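Here's the structure we're looking at; comments come further down.
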Amino acid sequence: MIAIVVHGGAGTIEPARHAAATAGCAAAARRGYARLAAGGAALDAVQAAVRALEDDPAFNAGVGAVLTRDGTVELDAAIMDGVDGRIGAIAAVPDLRRPIDLARAVLDDGEHVLLAGAAAWAFARRHGHAPAPPGTMVTARALARWRAQRIERAAEVGGGTVGAVAIDGAGRLAAATSTGGILGKRPGRVGDSPLPGCGTWADRGLAASATGPGEAIIRATLTRRLALAVEAGATPAAAAAALLDEMIATGGAAAGAGVIAVDRAGRIAATHRTPTMAFAAVRDDGRGAQAAAGTSTATAPLEAQLASAG
Ligand code: ASP
């Protein structure tokens, strides 16, 4: 059994952008799947998939990230190895072109779990990163959305956050998430994505990556509770649906949220309670690779899609 699931963010994706979001997710899933099919580790597969999504300006990660209140770019990311619980994360780091690669460097270095803010650049430079030249990470769309929000003063969730979860041929699970956060956030704000058990989690039973309003996801410790629910016997899809519904019912996430997951049996979920979520998955359960991708407007019946993709 090998499998990878990626998401390109839960929120409201305009119909005109569905094709690009779906294509970007499908390409990233294929990139990660190629690692798994070659015998690679789940950790390397989720990093490769998220790097592909960071490079795609259609998503709110890497180039194309949403802007802070001050019009700047600050990135959050995390990558976690389910084998031993090692995690590397970065938060609110300005002008970082490859957030997931820096998070991986934090994981491999092992001294700390999370580095934050401009001070993280000393570590980043030692690991081969250089700040993006001014303006080069800001897409025309990100700028237009920022200007519109300043005029309307609307509180808006960023959407377009990216994530990946995988199980490799040795049964190892891993998760990764990368984001510019939410549009118009205060500089210095840290969302759920880089926090273990909130936006990103992997252990020996489950790997998960969440998307949606970070403050609500942090309060819910969404991905950790998902892992506990699956450990207690629930399927990833049923547990994800129950937890997302609970977040909405308790008022934590009125606008909804989404989560992707894979468990050690290769059961997968791409579940959301938002108007849309972009996702893609590739799985080989011994009968050949099956793939599914879409920008769903309803809870994605991913297992059914994979079964029929055959
Ligand atoms: N969860 C992200 C954050 O709050 C935003 C998103 O997923 O759209 O930083």
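The values are calculated or read from the model by the stated rules, or taken from the named source; none is laboratory data. On a predicted model such as this, the values are computed, not experimentally measured, just so you know. Every residue, glycine as well, gets a Cβ built from its backbone with ideal geometry; the counts of neighbours run over all protein chains shown. For accessibility, only protein heavy atoms count, side chains too; no ligands or nucleic acids. Shrake-Rupley method; radii C 1.70, N 1.55, O 1.52, S 1.80 Å.
Tabulated values for the structure
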quantity: Residue identified as of a type outside the set (S, T, N, Q) and more than 16 Å from residue 200 (Cβ to Cβ) among 82, 110; calculated: 110
quantity: Among the residues listed as 65, 77, 37, 21, the single one being under 20 Å from residue 284 (Cα atoms) and touching a residue at least 60 places away in the same chain (Cβ under 8 Å); calculated: 37
quantity: Set 44, 70: member being under 25 Å from residue 144 (Cβ atoms) and surrounded by fewer than 22 Cβ atoms within 10 Å (Cβ to Cβ); calculated: 70
quantity: Only one of 184, 205 that is over 20 Å from residue 266 (Cα atoms), in contact with a helix residue (DSSP H, G or I) (Cβ under 6 Å, 6 or more places away or on another chain) and surrounded by fewer than 24 Cβ atoms within 10 Å (Cβ to Cβ); calculated: 184
quantity: Region 226-253, subset open to solvent by 10 Å² or more (accessible area, probe 1.4 Å), in contact with an Asp or Glu (Cβ under 9 Å, 6 or more places away or on another chain) and of a type outside the set (S, T, N, Q), residue farthest from the ligand (Cβ to nearest atom); calculated: 231
quantity: Evaluation of residue 220 against (1) of a type in the set (Gly, Ala, Ser); (2) open to solvent by 10 Å² or more (accessible area, probe 1.4 Å); (3) out of contact with any Leu (no Cβ under 9 Å at 6 or more places or on another chain); (4) within 13 Å of the ligand (Cβ to nearest atom) (one fails), failing number; calculated: (3)
quantity: Some residue of region 101-111 being without any contact (Cβ under 8 Å) to a residue 60 or more places away in the chain, closer than 29 Å to residue 253 by Cα and out of contact with any strand residue (DSSP E or B) (no Cβ under 8 Å at 6 or more places or on another chain); calculated: no
quantity: Listing of strands (runs of 3 or more DSSP E) fully contained in region 96-186 that carry 1 or more residues being in contact with a Ser or Thr (Cβ under 7 Å, 6 or more places away or on another chain) and within 15 Å of the ligand (Cβ to nearest atom); calculated: 162-167, 173-179
quantity: Hits in region 47-67 - residues which are outside any loop (DSSP other than H, G, I, E, B) and open to solvent by 10 Å² or more (accessible area, probe 1.4 Å); calculated: 47, 51, 52, 55
